[in-house]
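The next block holds one structure in the form of structure tokens; read it before the comments.
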Amino acid sequence: MTTGSDLTLATDAQTLTFAPEGNRKSIAAHPDRPGISLVIPVYNEEENVELLYQKIVAAAETLNRTWEVVLVDDGSQDKSFEKLEKIALKDQRVKIVRFVRNFGQTAALAAGIDHAKGSIIIPMDADLQNDPADINMLIEKLEEGYDCVSGWRKNRKDGLVLRLIPSWTANKIISVISGVPLHDYGCSLKAYRREVLEGVRLYGEMHRFVPIYAHWMGAKVTEIPVNHFARQFGQSKYGINRTIKVVLDLITIKFMSSYLTKPIYIFGSAGLWSLVACAAAFTWMVVLKYGYGTSFIETPLPVMVSMFFMVGIQLILMGLLAEILVRTYHESQDKRVYTVKKTVNLD
Ligand code: UDP
Ligand code: MG
């Protein structure tokens, strides 16, 4: 039942702990932890990986911190893994997680985060559309006291009709519904303090909602403009239908955040309103018959009475069913949505 397209975002609320305001200033490197973990999903990016590695090294060397990069090969069918492995054999800071098959960008990101050890976690794309040189800026912003800094592709280099317009619309809707005013949820390049991500599980297209989720959990979230380049090698893995998935995911997280522990409130109240409508239609029907001599079958009211009655009862029963599901769900938190085939430079 659990696949890469499951639409849930869950977290173990207790594990989300944030540094107190005063402690936020500097992000101390843990003795056996690198300062920074870059996390990069890779799916059929053979032409990009070598150049990506060079750009990362060039950018990371200027940071004055220890770093690692966790590359997750999401079941590539091309030579991506072989190329990555070659790099990893020469450079211990390069870690690879290889999936048995393609599980999707969100699952790849989740696996990367699970294997990352850094105090700061920075996801980005493998296709060189993001600029590793922006990392420094993201970290500086984080150190101003934020828990999550989201990149904003202010000058985004993607197709207008199929990418920019749907994305612009989706971003507006998301920002209104979530109450977290970011311009570009979809930008992969973001920076998180480790604590923000601990315990967060990602499904569907949900990686873009992590800042929202973090905000709901009390994290300080901000955004800064970052560079964006057109894809030079390989192809985008997505088209217009991603927008639909994103909107559905949004409904799910809104539901989850407000009603995850009490689904009966949302189903039950809809059910009760339906029963109220049933009672009203029934009363009106009786008044019409005995007050005005209108026969029951001259009006659509009997149909409405039975419809509202059935819908009302059904919704309440569904709410109870959801309550049972929620209990099961909370007790099966430990499942993963991916299977690892092999790891390199990781234990
Ligand atoms: N990606 C992945 N698994 C997938 C699809 C994409 O790991 O099933 C990776 C891909 O290699 C890239 C990132 O996710 O590093 C973003 O993908 P893409 O560039 O195709 O998305 P776009 O930039 O067009 O939104
Ligand atoms: Mg891309």
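The values are calculated or read from the model by the stated rules, or taken from the named source; none is laboratory data. Worth saying up front: this structure is predicted, and the values here are computed from it rather than measured. Reconstructed Cβ throughout: ideal geometry from the backbone, glycine too, with neighbour counts over all protein chains shown. When the accessible area is computed, the model is the full protein with side chains, heavy atoms only, and any ligands, DNA or RNA have been set aside. Shrake-Rupley method; radii C 1.70, N 1.55, O 1.52, S 1.80 Å.
Quick one: count up the residues across segment 46-85 that are more than 22 Å from ILE36 (Cα to Cα) and away from ligand 1 (no atom under 11 Å from the Cβ).
6
Within segment 194-208, track down each residue that is assigned to a helix (DSSP H, G or I) and surrounded by fewer than 22 Cβ atoms within 10 Å (Cβ to Cβ).
ARG194, GLU195
Could you tell me whether ASP127 is more than 23 Å from THR222 (Cβ to Cβ), charged (D, E, K, R) and surrounded by fewer than 19 Cβ atoms within 10 Å (Cβ to Cβ)? Even if it seems obvious, please write down each step before you answer.
Numbers: more than 23 Å from THR222 (Cβ to Cβ): yes; charged (D, E, K, R): yes; surrounded by fewer than 19 Cβ atoms within 10 Å (Cβ to Cβ): no.
When the stated conditions are applied, ASP127 does not pass them.
Every residue, every condition in (1) open to solvent by 70 Å² or more (accessible area, probe 1.4 Å); (2) free of Cβ contacts under 8 Å to residues at least 40 places away in the same chain; (3) under 30 Å from ALA107 (Cβ atoms); (4) in a helix (DSSP H, G or I), yes or no:
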{"position": "VAL210", "(1), (2), (3), (4)": "no, no, yes, yes"}
{"position": "GLY218", "(1), (2), (3), (4)": "no, no, yes, no"}
{"position": "GLU223", "(1), (2), (3), (4)": "no, no, yes, no"}
{"position": "LEU250", "(1), (2), (3), (4)": "no, no, yes, yes"}
{"position": "SER257", "(1), (2), (3), (4)": "no, no, yes, yes"}
{"position": "VAL276", "(1), (2), (3), (4)": "yes, yes, no, yes"}
{"position": "ALA280", "(1), (2), (3), (4)": "no, yes, no, yes"}
{"position": "PHE309", "(1), (2), (3), (4)": "yes, yes, no, yes"}
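Considering every residue within segment 196-207, establish whether at least one is within 18 Å of ASN130 (Cα to Cα) and out of contact with any Asp or Glu (no Cβ under 8 Å at 6 or more places or on another chain).
yes
Only residues that are within 19 Å of the chain's Cα centre (by Cα) and either within 16 Å of ligand 1 (Cβ to nearest atom) or of a type in the set (Val, Ile, Thr) (or both): list them for segment 124-167, please.
Result: MET124, ASP125, ALA126, ASN130, VAL149, SER150, GLY151, TRP152, ARG153, ARG163, PRO166, SER167.
Under 8 Å between Cβ atoms, which residue pairs at least 6 apart in sequence (or on different chains) link something in segment 62-86 that is surrounded by fewer than 24 Cβ atoms within 10 Å (Cβ to Cβ) with a partner that is of a type in the set (Ser, Thr, Tyr)?
Taking only residues 6 or more apart or on different chains, the pairs are TRP67/SER37; GLU68/SER37; GLY75/TYR43; SER76/TYR43.
With respect to HIS183, determine if the residue is more than 13 Å from ligand 1 (Cβ to nearest atom) and either free of Cβ contacts under 8 Å to residues at least 60 places away in the same chain or outside any strand (DSSP E or B) (or both). Give the derivation first.
Details: more than 13 Å from ligand 1 (Cβ to nearest atom): yes; either free of Cβ contacts under 8 Å to residues at least 60 places away in the same chain or outside any strand (DSSP E or B) (or both): yes.
Against the criterion (more than 13 Å from ligand 1 (Cβ to nearest atom) and either free of Cβ contacts under 8 Å to residues at least 60 places away in the same chain or outside any strand (DSSP E or B) (or both)), HIS183 qualifies.
When you scan segment 311-345, how many residues do you find that are modelled with pLDDT under 85 and hydrophobic (A, V, I, L, M, F, W, C)? Reasoning before the result, please.
Initially, segment 311-345 is screened for residues modelled with pLDDT under 85, giving 326-342.
Next, only the ones that are hydrophobic (A, V, I, L, M, F, W, C) stay: 326, 337, 340.
Going through segment 311-345 one residue at a time, the tally reaches 3.
Working only within segment 228-256, note down all residues that are away from ligand 2 (no atom under 11 Å from the Cβ), among the polar types (S, T, N, Q) and closer than 30 Å to SER80 by Cα.
Passing the criteria: ASN241, THR243.
Please state which of the following conditions VAL196 fails to meet, knowing it meets all the rest: (1) away from ligand 2 (no atom under 16 Å from the Cβ); (2) under 27 Å from ASN48 (Cα atoms).
For VAL196, the failing item is (2).
Could you identify the single residue in SER150, SER178, SER167 that is touching a residue at least 60 places away in the same chain (Cβ under 8 Å), closer than 20 Å to ILE240 by Cβ, open to solvent by less than 60 Å² (accessible area, probe 1.4 Å) and among the hydroxyl-bearing types (Ser, Thr, Tyr)? Even if it seems obvious, please write down each step before you answer.
Values: SER150 fails: closer than 20 Å to ILE240 by Cβ; SER178 fails: closer than 20 Å to ILE240 by Cβ.
Sole residue among the options that is touching a residue at least 60 places away in the same chain (Cβ under 8 Å), closer than 20 Å to ILE240 by Cβ, open to solvent by less than 60 Å² (accessible area, probe 1.4 Å) and among the hydroxyl-bearing types (Ser, Thr, Tyr): SER167.
Can you confirm whether LYS341 is touching a residue at least 60 places away in the same chain (Cβ under 8 Å) and open to solvent by 60 Å² or more (accessible area, probe 1.4 Å)?
Numbers: touching a residue at least 60 places away in the same chain (Cβ under 8 Å): yes; open to solvent by 60 Å² or more (accessible area, probe 1.4 Å): yes.
Here the answer is yes, as LYS341 does meet what is asked.
Just one of GLY291, GLY234, GLY239 is under 26 Å from the mean Cα position of the chain (by Cα) and either surrounded by 13 or more Cβ atoms within 10 Å (Cβ to Cβ) or assigned to a helix (DSSP H, G or I) (or both); which is it? Working first, answer last.
Details: GLY291 fails: under 26 Å from the mean Cα position of the chain (by Cα); GLY239 fails: either surrounded by 13 or more Cβ atoms within 10 Å (Cβ to Cβ) or assigned to a helix (DSSP H, G or I) (or both).
After applying the criteria, what remains is GLY234.
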